[in-house]
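See below for the structure under consideration.
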Amino acid sequence: MVKFFYCKCKFFCCDVSKICAFREILTKKTIGIFVCINTFDKMLPILGERTWSLIISPPEGPEFICSDHPVTINWKSGRKGPIGLGLRETEVFFPLSRRAGFYGTFEDPLKEVVHAKPGNVATMNRRVMFNAERHLFSPLESFVMWIKGEIKTIKLGDVDYLPMADGNKNMTKGR
């Protein structure tokens, strides 16, 4: 049920069309919120079926990065094509902090707590970066990423020019 609130301010009382416009905007935004809540309620049990592991980065580094879209999902086999959170043979990863991330899978679970090697952090950072839409966040001026079979150190200022998974070169750093 959508509730509307009456406001006695001069702006709304002086023009009925403005009140209707305000109600229309409020209704659209509220419906969007309900859609998100309903989606979350349906996704939570699916995510709960995964076995989750806490991934800890090495104390001496490197660290996880974050982005504006930090939750990543990948096929375990590297296969291409449509992917979803409820599909088997997939891995979900998202950073919790610069030193910790969550990793979930349906099959072949890892230990509850995994102390990652630098290559593991570089792989997860690659996934987070490729999933970013516009912004990357790092506590340091550089981060590690897995590129062409090896760990590379990337400076945040160089991110604009890295080739993306789809071959494009349009990645932007946090602007």
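We did not get these values from a lab; they are worked out from the coordinates using the rules stated. Values in this document were obtained by computation on a predicted structure and should not be read as measured data. Note that we place each Cβ from the backbone using ideal geometry, even for glycine, and neighbour counts take in every protein chain shown.
Within the stretch 71-92, track down each residue that is in a loop (DSSP other than H, G, I, E, B) and of a type in the set (D, E, K, R).
Once the filter is applied, which keeps residues that are in a loop (DSSP other than H, G, I, E, B) and of a type in the set (D, E, K, R), the stretch 71-92 yields K76, R79, K80, R88, E89.
Kindly provide the set of residues from the stretch 47-70 that are surrounded by 15 or more Cβ atoms within 10 Å (Cβ to Cβ) and in a loop (DSSP other than H, G, I, E, B), ordered by number.
R50, S57, P62, E63, F64, I65, P70
Considering only the stretch 106-121, I want to know if a residue exists there that is within 25 Å of K42 (Cα to Cα), in a strand (DSSP E or B) and acidic (D, E).
No: zero hits.
I'd like the full set of residues that are part of a loop (DSSP other than H, G, I, E, B) and surrounded by fewer than 12 Cβ atoms within 10 Å (Cβ to Cβ), limited to the stretch 122-154.
E133, E141, K148, G149
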